[in-house]
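> Below are the structure tokens for one structure; questions will follow.
The values are calculated or read from the model by the stated rules, or taken from the named source; none is laboratory data. Quick caveat: nothing in here was measured; it's all calculated off a predicted structure. Don't worry about glycine lacking a Cβ; one is built from the backbone with ideal geometry, like all the others, and counts go over all protein chains shown. These area figures cover heavy atoms from the full protein model, side chains too; ligands, DNA and RNA do not enter into them. Shrake-Rupley method; radii C 1.70, N 1.55, O 1.52, S 1.80 Å.
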Amino acid sequence: MRITGISTHVVGTPWRNLTYVQVHTDEGLTGVGETRMLGRTDALIGYLREAEVNHIKGSDPFAVEDLVRRMKYGDYGRAGEIVMSAIACVETACWDIKGKALGVPVWQLLGGRANAEDNRIKAYANGWYTVERTPEAFHAAALTVVERGYRALKLDPFGTGNFELDHAETVRSLSLVEAVRDAIGPERELLLEMHGRFSPATAIRLAKELEAFAPSWLEEPVPPENLKALAKVASKTTLPIATGERIHDRIEFRELFESQAADIIQPDLGHLGGISEMRKLAATAETHYVLIAPHNVGGSVLTAASLQLAGCTPNFKILEHFNDFADAEIKKVVKGAPEVVDGYFTLSEEPGLGVELDTDAAAEFPQQQARFDLWAEGWEKREGTRK
């Protein structure tokens, strides 16, 4: 079997563009992969156009390791977010082809079921707080998450906080967290996101205030470039620290593990080079007693791919899910889209990823000049921002 070519399809919303890549073969099997880019979709597609000629066309889709190696190192320049995201799309599609050809789900090819009790993977909701930043609005929005059956949810309550957070904004942010905890009760998981906003001193101060609400983790408390700053925060709080969505090469996690600054890593399968790279990283994390909870702000193909990893990974914690609340209508572009029921995904038994891209439905959501600015007022409404 050989790859005859690829096709790309961009599904656009005001705040995110989702890029789907179909890999076609000479035996009629087609696989699909997905990533979500912020402000770099055209660059991604441009790179894929070159990579199709230089690396992809004519390759054996079963030889995933070889294809990834050539795409990552074959152009000599160091692979960054764009290249690793392109690799992820193509690599995931190859696993989809392999699973279809062999008649088994991808998780079976990666070692078989590891930790999916009753064939279920726990989910947490994101993108649900597209409301005014008031305790009343956040309380009501959190109740809708509970009503959908979710047992965990995440929020960033800190507005446009950047390095510091003044007293008034601190009080306001804490009131939002308090309202959400009141809405969801003590038994559901509350996950707190900081989006790399703060200095270590501010993050430590806020962490102390937030301990009363028993969050399951504190995510990206400081900008991701300085691991010593992250370690400083980790040393001053009892809250678990989560990070990693903006690291695009599994090798770069080495220093994070050595620092012991993170309890949960959050690589994005759509940016880290795909399923194999994620599986290798998860195994390394396990040797450091670190859990994995993938960043997953994409659509249903990326969710399906992340679930394949979940099914075979002993140290898998939970999977993020946006698409019940943010741009829920885009789920229709994927046939067999994974759904959350009573707080859990069901691990698919279908061959490959268990999903198919509906290109006609995808065409209903053309690419947009999507922009997502976490330092703009009202970013949490995810309506898109403009300079």
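> May I ask you to verify whether residue 343 is under 19 Å from the mean Cα position of the chain (by Cα), at positive phi and open to solvent by less than 10 Å² (accessible area, probe 1.4 Å)?
Working: under 19 Å from the mean Cα position of the chain (by Cα): yes; at positive phi: yes; open to solvent by less than 10 Å² (accessible area, probe 1.4 Å): yes.
Answer is yes for this residue.
> Here is a further query. Yes or no: residue 259 in contact with a helix residue (DSSP H, G or I) (Cβ under 8 Å, 6 or more places away or on another chain), surrounded by fewer than 24 Cβ atoms within 10 Å (Cβ to Cβ) and among the small types (Gly, Ala, Ser)?
The answer is yes for residue 259.
> Here's another thing I want to ask about it. Looking only at strands (runs of 3 or more DSSP E) that lie completely in the range 1-119, which have at least 1 residues being open to solvent by less than 30 Å² (accessible area, probe 1.4 Å) and either without any contact (Cβ under 8 Å) to a residue 12 or more places away in the chain or of a type in the set (Asp, Glu) (or both)?
Numbers: elements: 3-12, 17-25, 30-37.
Ranges flagged: 30-37.
> May I ask you to verify whether residue 124 is part of a loop (DSSP other than H, G, I, E, B), at pLDDT 95 or above, touching a strand residue (DSSP E or B) at 6+ places or on another chain (Cβ under 6 Å) and closer than 30 Å to residue 308 by Cα? Can you show your working first?
Working: part of a loop (DSSP other than H, G, I, E, B): no; at pLDDT 95 or above: yes; touching a strand residue (DSSP E or B) at 6+ places or on another chain (Cβ under 6 Å): yes; closer than 30 Å to residue 308 by Cα: yes.
Against the criterion (part of a loop (DSSP other than H, G, I, E, B), at pLDDT 95 or above, touching a strand residue (DSSP E or B) at 6+ places or on another chain (Cβ under 6 Å) and closer than 30 Å to residue 308 by Cα), residue 124 does not qualify.
> Go through (1) open to solvent by less than 30 Å² (accessible area, probe 1.4 Å); (2) closer than 30 Å to residue 314 by Cα one by one and return the number of the condition residue 141 breaks.
It fails just one condition, (2).
Listed here are the residues, each with its yes/no results for (1) more than 28 Å from residue 358 (Cβ to Cβ); (2) at pLDDT 95 or above; (3) open to solvent by 10 Å² or more (accessible area, probe 1.4 Å).
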| residue | (1), (2), (3) |
| --- | --- |
| 265 | yes, yes, no |
| 275 | no, yes, no |
| 280 | yes, yes, yes |
| 287 | yes, yes, yes |
| 299 | no, yes, no |
| 310 | no, yes, no |
| 317 | yes, yes, yes |
| 331 | no, yes, yes |
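> For the range 357-387, which positions are more than 30 Å from residue 6 (Cα to Cα), out of contact with any Lys or Arg (no Cβ under 8 Å at 6 or more places or on another chain) and of a type in the set (A, V, I, L, M, F, W, C)?
Of everything in the range 357-387, those that are more than 30 Å from residue 6 (Cα to Cα), out of contact with any Lys or Arg (no Cβ under 8 Å at 6 or more places or on another chain) and of a type in the set (A, V, I, L, M, F, W, C) turn out to be 375, 376, 379.
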